[in-house]
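The values are calculated or read from the model by the stated rules, or taken from the named source; none is laboratory data. In this text the structure is predicted, and so the values were computed from the model without any measurement. No Cβ is skipped: glycine too gets one built from the backbone with ideal geometry, and neighbour counts run over all protein chains shown. Please note that ligands, DNA and RNA were not included when accessible areas were found on the heavy atoms of the full protein model with its side chains. Shrake-Rupley method; radii C 1.70, N 1.55, O 1.52, S 1.80 Å.
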Amino acid sequence: MKEACIVGIGQTDYCRKPGSGLSQLALQLQAASRAIGEAGLKPAEIDGIMPFPNLGRAEEFAANLGCQNLRYAATIHMGGAAPAASLQAAAAAVNSGMANYVLLPAGWNGYSGARVRQTVSQDVSSIPGGAIARDYYLPFGFTAPPQWYSVLARRHMHEFGTRSEQLGAIALAMRKHAQLNSSAVMHGKPMTMDDYLASPMLADPYRFFDCCLETDGGAAVVVTTAERARDLGTRPVRILAAASGQPYPADEITNRRDIFRTGLTIAAPEAFGKAGLKPSDVDFAMIYDCFTFEVLQQLEEVGFCERGEGGPFVEGGRIELGGELPVNTHGGLLSEAHVLGMSHIVEAVRQLRGELGERQVKDAELGVVTGWGDFGDGSIALLAR
Amino acid sequence: MTEYSLPLPVLEGHSADFYGFCKEGELRFQRCDGCGAWRHVPRELCAECGSWDWTWTRSSGKGEVFTYTVVGRALHPAFADSAPYAVSVVEMEEGVRMLSRVADVDPAELEIGMRVQVDFEAVTEEISLPIFRRATV
Ligand SMILES: [Zn+2]
């Protein structure tokens, strides 16, 4: 397979109060414009745009940025799995000649747009199986992602003896990493296991600190071919392989014969197979951390450990900087900001460029980025310097 | 009946059938005429054998708690006064699972594997929700 590269990254400030002060579109345009500029490109050269689902259309991005030659526009409808899945599609697009430079923007006012968010919680029509949720989940109060996924965590605890302190170890690792990231919303706000265990129960076993932040922020990346990447100003990061997958059934979360088989269960072996690599080759992982257990589950499904061993795996500092597999060195959705997974790609690129100073993973050559969305859609990208 | 303020299913197509039986005090699932597979939620055809023919077949109503959560803080405004409340995934004897709640068990006492029996709660003139109670036998 021909390789594609990430040649530009951009992000906005990440914040809660008082809010970004920008519209959802402007926030994403700011990140996009920085990514395009960093790559040394002009907007007119961007001929492919892959907007995050339900957060904007390629037409409006192109019109605002001045992308006068747009010829490839597509959105992968996988919620938080969209960014890594879009890397897969963007790589295919540039290598097949459908586009030369593809922009992947994401961003939202997840904090200051609270009113919008509340409306979304009452209208599930945008998720796959929206009518199923409406008719069979909502009447019983099963209304939102932490609740949908908490039943998976509870079952995992039952089958494998996974404990709250192990979920806490994930929250603590993300928070520890955020102390080394001045862009992180939780920078300067360290957390202890006692803090974690004392936080209120939101959807048992999920406590408040098991859940991702609600923040304003945007991030974007630009993808092109390996050949074009050589002529640009930045150090390209190679997309060795990317894949995506869906659980079965993907539109209903309770009737899966194997409740832990998610999209990533399918995608991870495909990506590693294509790249001719294995999980033990990886230097760091950026795991989509909407909730702590989803990190544990994805570590298992990627194959960093066996199914059921995720609890012990995350203990003892293994997923912290300096450990065997540093996870989310930026602090992730849990402690940096909720930038829909695009921030995970941005962080992976920085690790592979070797520009992260205090939180640099020494000699980082190969990293994994995952995405998780909707009822367990999954994606993965293997990135290398 | 006092005004019911929680979200209700929309009764159209298969959900009208499913909840129609609930109103009669019967829990029925689609069962494939071709291969006998039970399914929930309702679908258009059998994903096991491809048959388009099914029969709404009565469930024993018996099952056990497969997993659950206790919602400590509601994330939907309509449930604000309900928290803390538990939501359970019940695995029925027929093999299908359904999302519901165990009405007569304190959330703190809920356990995976608990045997439960379906019951129905008439929440409006048209709609009865299938809920569960701890099995007596
Ligand atoms: Zn059949």
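Structural remarks
- Restricted to segment A:27-63, and to residues there that are of a type in the set (Gly, Ala, Ser), in a helix (DSSP H, G or I) and surrounded by fewer than 17 Cβ atoms within 10 Å (Cβ to Cβ), the residue that is nearest to the chain's Cα centre (by Cα) is A:Gly37.
- Total residues in segment B:27-36, condition among the hydrophobic types (A, V, I, L, M, F, W, C) and either farther than 29 Å from B:Leu8 by Cβ or open to solvent by 30 Å² or more (accessible area, probe 1.4 Å) (or both): 1
- Screening the candidates B:Glu12, B:Glu44, B:Glu24 for the property of being within 16 Å of the ligand (Cβ to nearest atom) and open to solvent by 70 Å² or more (accessible area, probe 1.4 Å) yields one hit, B:Glu44.
- Number of residues in segment B:52-90 that are small (Gly, Ala, Ser), open to solvent by less than 20 Å² (accessible area, probe 1.4 Å) and either free of Cβ contacts under 8 Å to residues at least 60 places away in the same chain or within 16 Å of the ligand (Cβ to nearest atom) (or both): the value is 4.
- Taking the listed residues A:Asp216, A:Asp210, the one that is under 21 Å from A:Gly110 (Cα atoms), within 14 Å of chain B (Cβ to nearest Cβ) and of a type in the set (D, E, K, R) is A:Asp210, with no other qualifying.
- Residue within segment A:258-277 that is within 27 Å of A:Ser335 (Cα to Cα) and within 14 Å of chain B (Cβ to nearest Cβ) present: yes
- Taking each residue of segment B:24-41 that is of a type in the set (Gly, Ala, Ser) and looking for partners that are more than 16 Å from the ligand (Cβ to nearest atom) and open to solvent by 30 Å² or more (accessible area, probe 1.4 Å) with beta-carbon atoms closer than 6 Å, six or more apart or interchain, yields B:Gly25/B:Phe120.
- Scanning segment A:173-212 for residues that are aliphatic (A, V, I, L, M) and either open to solvent by 40 Å² or more (accessible area, probe 1.4 Å) or touching a helix residue (DSSP H, G or I) at 6+ places or on another chain (Cβ under 6 Å) (or both) yields A:Met174, A:Ala178, A:Leu180, A:Ala184, A:Met186, A:Met191, A:Met193, A:Leu197, A:Ala198, A:Met201, A:Leu202, A:Ala203.
- The lone exception for A:Ala85 - which of (1) in a helix (DSSP H, G or I); (2) open to solvent by 30 Å² or more (accessible area, probe 1.4 Å) it fails: (2)
- Of the residues making up segment B:98-137, those that are closer than 23 Å to A:Arg154 by Cα and away from chain A (no Cβ under 11 Å) are B:Asp104, B:Val105, B:Asp106, B:Glu109, B:Met114, B:Arg115, B:Val116, B:Gln117, B:Val118, B:Arg133, B:Arg134, B:Ala135.
- One residue stands out among those in segment A:356-385 that are assigned to a loop (DSSP other than H, G, I, E, B) and open to solvent by less than 10 Å² (accessible area, probe 1.4 Å): the one that is nearest to A:Ala241 (Cα to Cα), which is A:Ala364.
- When each of A:Gly8, A:Gly80, A:Gly21 is tested for being closer than 27 Å to A:Val185 by Cα and touching a helix residue (DSSP H, G or I) at 6+ places or on another chain (Cβ under 7 Å), the lone residue that passes is A:Gly8.
- Yes/no for A:Arg134 being in contact (Cβ under 8 Å) with a residue 24 or more places away in the chain and assigned to a helix (DSSP H, G or I): no
So that you can scan it fast, the table gives a plain yes or no per residue for (1) under 22 Å from A:Asp216 (Cβ atoms); (2) away from chain B (no Cβ under 14 Å):
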residue: A:Phe61; (1), (2): yes, yes
residue: A:His77; (1), (2): no, yes
residue: A:Gly80; (1), (2): yes, yes
residue: A:Ile132; (1), (2): no, no
residue: A:His158; (1), (2): no, no
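- Residues in segment A:10-26 that are surrounded by fewer than 18 Cβ atoms within 10 Å (Cβ to Cβ) and not in a helix (DSSP H, G or I): A:Asp13, A:Arg16, A:Lys17, A:Pro18, A:Gly19, A:Gly21, A:Ser23.
- Only one of A:Gly97, A:Gly110 that is surrounded by 18 or more Cβ atoms within 10 Å (Cβ to Cβ) and either at pLDDT below 95 or over 20 Å from the mean Cα position of the chain (by Cα) (or both): A:Gly110
- For segment B:27-41, a residue qualifies if it is among the charged types (D, E, K, R), under 30 Å from A:Leu152 (Cβ atoms) and within 16 Å of the ligand (Cβ to nearest atom), and the qualifying residues are B:Arg31, B:Arg39.
- Flag not set for B:Trp56, criterion: assigned to a loop (DSSP other than H, G, I, E, B) and hydrophobic (A, V, I, L, M, F, W, C).
- Number of the condition not met by B:Gly95 [criteria: (1) assigned to a loop (DSSP other than H, G, I, E, B); (2) more than 9 Å from every other protein chain (Cβ to nearest Cβ); (3) open to solvent by 60 Å² or more (accessible area, probe 1.4 Å)]: (3)
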